[in-house]
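The values are calculated or read from the model by the stated rules, or taken from the named source; none is laboratory data. Because the structure is a prediction, the values reported are computed rather than measured. All Cβ positions, even for glycine, are placed from backbone atoms using ideal geometry, and neighbour counts span all protein chains on display.
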Amino acid sequence: MSMLSGTVIGPSGGGPRRRRPWATGLLVVLMMAVVFGGTYGAVVLLRGGGNEPGPGSSSSSTPDTCVTVTVTPGAALPEPATVTVNVYNATDRSGLARATADELKAREFGIGAVANDPLGKTVAGVAEIRYGESGLDNAKLLRFYAPKAKLVKDKRTDATVDLVLGEKWKAVAPQKAVDAALAKPVASPGPGCPTPSKPASGTASASPSATPSAS
């Protein structure tokens, strides 16, 4: 009986095995999943996705501390020569308006009317500075020359301002003091900064307030 040598029939033979189609497809899907997962993870790390702020934490665009802006009052205010001031006397001291007007003129202010207060008001404080919508900056400037004067907005349409002298009026502030106040840097708190506390009673502010009080 003859035997067939070198030939083996069946799965135990030495010939190459043929992969099944579904197995090949599964392997391709697994490889694509691995590649996609690795790419996605790299993108997340590059974008900082792993450091997203949790609930209650501050955004990366929000500063941890407040930021203040330092400004010089005189830089935004007009020159005295561009401001016209009416000087009115609301006291019984004769000649007070004329003397004050002469002093302001010497400081290069333009002088308009000089007379008793046309409103006939009693001004118990230092003075009132009356101004209209277009004269706010002029009023702010004049207040450096009349510290503690009260800013009073009225309905005038021009940029003139009135300096109405009250019972506590003494004199126009010395030019040296005015220059120092105009040049002194003032810190303006930005959003998120705590509201500054009011100065204690009897403590004078270093420079006139820029916020007018409407009447």
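Tabulated results
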{"read-out": "Residues being under 21 Å from CYS193 (Cβ atoms) and modelled with pLDDT of 80 or more - total across the range 63-80", "value": "2"}
{"read-out": "Counted residues, the range 152-167 - those being within 19 Å of GLU79 (Cα to Cα) and either touching a Phe, Trp or Tyr at 6+ places or on another chain (Cβ under 9 Å) or polar (S, T, N, Q) (or both)", "value": "5"}
